[in-house]
Amino acid sequence: MENRNDKTAFFGKVTASVTHEMQNVLAIIKENSGLMEDFLLINQTGDLSDIEEKLGKCIKTIKKQAYRGVDLTSGLNGFVHTTDNARMSVNILDLVKKLISITERIFRQKNVNISIIESEKPYSVIIDPLFFQMVSFLCIECLVESFEADGAAAIDIRLSNNQAAIEFLYADSILKYEDYKEKIIHNAQWLKITDLCRQANFKAEISPGGFGILIIFE
Amino acid sequence: MKIKVLLADDEKEFVNALAQRLELRDLSVTTVYSGEGAIEMAEKIDFGVIVLDVLMPEITGIDALKKIKKAKPNTPVIMLTGEATVENAIQGMKLGAFDFLMKPADTELLVGKITQAYTLKYEHEERIRQAEIENIINTRGW
């Protein structure tokens, strides 16, 4: 595994996605503030009877987008700070949730919806948070690539009930389980996942009986 | 007569605000929120200019551009993008896009580009019509 290249590529994908979304947020704010200017200009001649309603709608949109922007930048800030410590105690589900909040656009572009199943007993493990995020991202990419032919897709992420593990599970497929296993094993991302897991003291397994990938913390 | 513009972007709040601003500048705007919607609409209606976002889910703006150019080769397409890389712009221009603008684009600049693209389309169609008329006159010996 070319760690430096993979880490750079991972950072590139995440930041490109967030900054692209920020461009959209700014574009919406810019167009709505411009629209307010347009309305005020027209209203100078007293032509707009519903000016308050029109301006109110624009303000509401701008406010909503400002919050969206704050979520994105704080998400990105949190993400870059996960490089601060090589090993630390991490709430697994929380960290995945944060990663998905800033990368879901990448998968939405591919018509993939990602859900995180809340756990009754969330737990923390001591790991390298960056490695874990890379592995999580690769697991989703690997499933998305393996099932590309299915079209619209859904991936669930949940903690395992009987061991310290997290599972990335593809909701449904027309594939047979044996064919799915073959596809995963031959996917380039699977090699990266297993290699990263070896370095980080995790273990990657193909989910027994489901279209998923299991990451076990040793 | 107002220029008919098709505006396609998956960010609904962006499309809706920009459409209103373009309408206030005397353009007739139809909005769609996907690449698929843009292709369908472009095949049905003869637009003066089409404005497409590059990154849309499922069918991207680049894929939509390819299909639109196949169905309506003379309709100018302006691409909008939030990506600061030149790769998509080069690809889009190779596929026949009229121009490429960074999002958020200056509204007056966009209106200028739309007007310029439509004028060129109109002049091109006028020249074709003129040539057809001359051809009829010549062949019939009028």
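The values are calculated or read from the model by the stated rules, or taken from the named source; none is laboratory data. Keep in mind that this is a model prediction, so the values were computed, not measured. So basically every Cβ, Gly included, is an ideal-geometry build from the backbone, and we count neighbours across all protein chains shown. For the accessible areas, the whole protein counts, side chains as well, though only heavy atoms, and no ligand, DNA or RNA atoms are used. Shrake-Rupley method; radii C 1.70, N 1.55, O 1.52, S 1.80 Å.
Here are the numbers for the structure shown:
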| quantity | calculated |
| --- | --- |
| Label-point separation, B:ASP106 to A:SER74 (7 Å along Cα→Cβ), nm | 3.6 nm |
| Helical mean residue ellipticity (222 nm; -39500 (n - 2.57) per DSSP H run of 4+; nearest 500) of the protein assembly as shown | -19500 deg cm²/dmol |
| Cβ-based net charge around A:LEU41, under 12 Å, with every Lys or Arg adding one and every Asp or Glu removing one | -1 |
| The stretch A:2-82 pair-distance distribution - Cα-Cα, 10 Å bins, rounded % | 17, 33, 22, 15, 9, 4, 1 |
| Note, ³J(HN,Hα) from phi for the stretch A:53-58, Karplus 6.51, -1.76, 1.60, rounded to Hz, x at Gly and Pro | 5, 5, 5, x, 4, 5 |
| Set of lysines with alpha-carbon distance to A:LYS203 below 28 Å, sequence-local pairs under 8 removed | A:LYS7, A:LYS13, A:LYS97, A:LYS98, A:LYS110, A:LYS121, A:LYS176, A:LYS181, A:LYS183, A:LYS192 |
| Candidate lysines - alpha carbon under 26 Å from A:LYS54, same-chain residues fewer than 8 apart omitted | A:LYS30, A:LYS63, A:LYS64, B:LYS2, B:LYS4, B:LYS12, B:LYS103 |
| Mean projected area (nm²) of the alpha-carbon convex hull when chain B is viewed from all directions | 9.3 nm² |
| Shielded by partner chains, the stretch B:16-40 residues - at least 10 Å² of accessible area, 1.4 Å probe, vs chain alone | B:ALA17, B:LEU18, B:GLN20, B:ARG21, B:LEU24, B:ARG25 |
| Accessible-area value, A:ASP94, 1.4 Å probe, nucleic acids and ligands omitted, Å² | 70 Å² |
| Estimated dipole of the stretch A:1-105 in Debye, rounded to 20 [Cβ of Lys and Arg +1, of Asp and Glu -1, Cα centre] | 520 debye |
| Area accessible to solvent at A:LYS30, 1.4 Å probe radius, in Å² | 60 Å² |
| Over the protein assembly as shown: Rg over Rh, Cα atoms, Kirkwood Rh | 1.08 |
| Probe 1.4 Å, all protein chains present, accessible-area order of A:ILE215, B:ILE137, largest first | B:ILE137, A:ILE215 |
| Residue with peak Gaussian network fluctuation, chain A [Cα springs, cutoff 10 Å], from A:PHE39, A:PHE147, A:PHE137 | A:PHE39 |
| In Å², nearest 10: area of B:TYR33 left accessible to a 1.4 Å probe | 80 Å² |
| Residue order for B:PHE100, A:PHE107 - accessible surface, 1.4 angstrom probe, largest first | B:PHE100, A:PHE107 |
| Two-site FRET efficiency, B:THR119 against A:ILE206, from Cβ-Cβ distance with R₀ of 51 Å, rounded to 0.05 | 0.30 |
| Accessible surface buried upon A-B contact (total; probe 1.4 Å; Å², nearest 100) | 2000 Å² |
| Accessible surface of the stretch A:129-218 [probe 1.4 Å, protein heavy atoms]: carbon and sulfur percent | 49 percent |
| q = 0.13 Å⁻¹, the stretch A:88-217: log10 I(q)/I(0) [Debye, one scatterer per Cα] | -0.48 |
| Rounded to whole Hz, the Karplus (6.51, -1.76, 1.60) HN-Hα couplings of the stretch A:92-100, x for glycine and proline | 3, 5, 4, 5, 5, 4, 5, 5, 5 |
| Leading residue at positive end of dipole, the stretch B:4-140 (Cβ point charges), from B:LEU18, B:ASN74, B:MET93 | B:ASN74 |
| Area projected by the alpha carbon convex hull of the stretch B:98-142, averaged over all directions, nm² | 3.5 nm² |
| Reach of B:LYS66 by Cα under 20 Å, taken over aspartates and glutamates that are not fewer than 8 positions away in the same chain | B:ASP9, B:ASP10, B:GLU36, B:GLU40, B:GLU43, B:ASP46, B:ASP53, B:GLU58, B:GLU83, B:GLU87, B:ASP99 |
| Relative contact order for chain A, counting Cα pairs under 8 Å that sit 6 or more residues apart, in percent | 17 percent |
| Burial of 30 Å² or greater, the stretch B:91-123 residues [accessible area, probe 1.4 Å, versus chain by itself] | B:LYS103, B:PRO104 |
| Solvent-accessible surface ranking, highest first, for A:TYR170, A:TYR177 at 1.4 angstrom | A:TYR177, A:TYR170 |
